[in-house]
1. Note down the nm distance, to one decimal, between modelled labels 7 Å out along Cα→Cβ at residue 222 and at residue 239.
2. Using only C-alpha positions, report the orientation-averaged shadow area of the convex hull of the stretch 1-148, nm², one decimal.
3. Of the chain, which part is the longest with no GluC sites (Glu not before Pro) in a loop (DSSP not H, G, I, E, B) and with at most 16 other C-beta atoms within 10 angstrom?
4. Magnitude of the Cβ-charge dipole of the stretch 24-295, K/R +1 and D/E -1, about the Cα centre, nearest 20 debye?
5. Springs between alpha-carbon atoms under 10 Å, Gaussian network over the chain: tell me which of 276, 42, 227 tops the mean-square fluctuations.
6. Of all the C-alpha pairs in the stretch 47-115, what % are more than 13 Å from each other?
7. Report the Cα centroid-to-centroid distance between the stretch 171-241 and the stretch 1-74 in angstrom, as an integer.
8. State the volume of the convex hull built on the alpha-carbon positions of the chain, expressed per residue in Å³ and rounded to an integer.
Amino acid sequence: MTATHIFEAPPPGAAADWTLPQNWDAFSSEEHEVWDKLLEQQSAALELFASRSFLRGLDVLKMSRPGIPDYRELNVRLKESTGWEVVAVPGWIPNQPFFDHLANRRFPVANFLRSADNLAYSKEPDMFHDLFGHVPTLTDPAFSEFLVAYGEAGLRAEKLGASDYLGSLWLYTVEFGLVVEEGCLRAYGGGLLSSYAETVSALTLPDVRRVKLNIERVMRTQYNFDQFQQVYFVVDSFYHLRNATAETDFAAIYTKIAGENLLKPGDLWQGDEFYQGPLAVPPVAQSADNAACHVSGNA
């Protein structure tokens, strides 16, 4: 994946913490139309596959006027319901400010949007990925607490030179995580929720590898961006995710695996515990009388 919104220092207009004004009034009518089309398409497509916490949280993005959410309005709603706010950033930002924003309940959002010619895919996380893929789940208290704890852990990891391990944890949870809700497997990771094809693959195909969350295992595992993930990690609930993070001594894991070879995405680990519960029903097999998931093993 080639990213173009990467900077060595805050670009003109950005503050020392890499934030910049959203400047909502400067977005074009075409950009607002792209946002509305993406929101309509993805919301409808993911109704059967997305985390219920995510779907409930989508209401927070429904503004008083169409188009890209105006942060002046969005942040009032977010603050009231979650204590969070979103901040505009130029794109990828360094670890230190990223972790600091999360630890202080500020979610960084890239201040650019994919073009109308590339609705299905953005080569780097854009505004739609960040807002649509992540912000609705902030309305879940346990997930919100997990992100704060993640930011705090990231600040500590920076001092230990262990931030790469936190990168794996972010990718396999916040970007590509799966959660069990009401007996069914759902997607909550923003990388999945902004890719309908990978969401369906991750939730319905019986030969996809799904492993129950183990923090050490996740930190040992490399990842890729140019293809569907080869392993997905499953949590029983967002409380499970929050508690696993709070109860794990990250520093001990850093010390334990330092200098060892990391696992490639498709590798097995001796401690793997596979998810054996119901999978989602593929769209072509769903009907009004068909349950949203069925029992199917995984190995």
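1. Label at residue 222, label at residue 239, 3.8 nm between them.
2. Values: hull surface 35.8 nm².
Over all viewing directions, the stretch 1-148 projects a mean Cα-hull area of 9.0 nm².
3. Details: sites that count: 8, 47, 182, 247, 260, 273.
My reading of the result: 48-181 is the longest stretch.
4. On the way: 23 positive and 37 negative charges, 86 e Å.
Charge dipole of the stretch 24-295: 420 debye, to the nearest 20.
5. 227
6. Values: 1667 of 2346 pairs.
In whole percent, the share of Cα-Cα pairs in the stretch 47-115 beyond 13 Å is 71.
7. Using only Cα atoms, the two centres lie 23 Å from each other.
8. On the way: hull volume 40.8 nm³, N = 299.
For the chain, the hull spanned by Cα atoms encloses 136 Å³ per residue.
Read-outs throughout are calculated quantities, based only on the coordinates presented, and are distinct from any laboratory measurement. Bear in mind that the values here come from a model prediction, so they are computed numbers and not experimental data. Don't worry about glycine lacking a Cβ; one is built from the backbone with ideal geometry, like all the others, and counts go over all protein chains shown.
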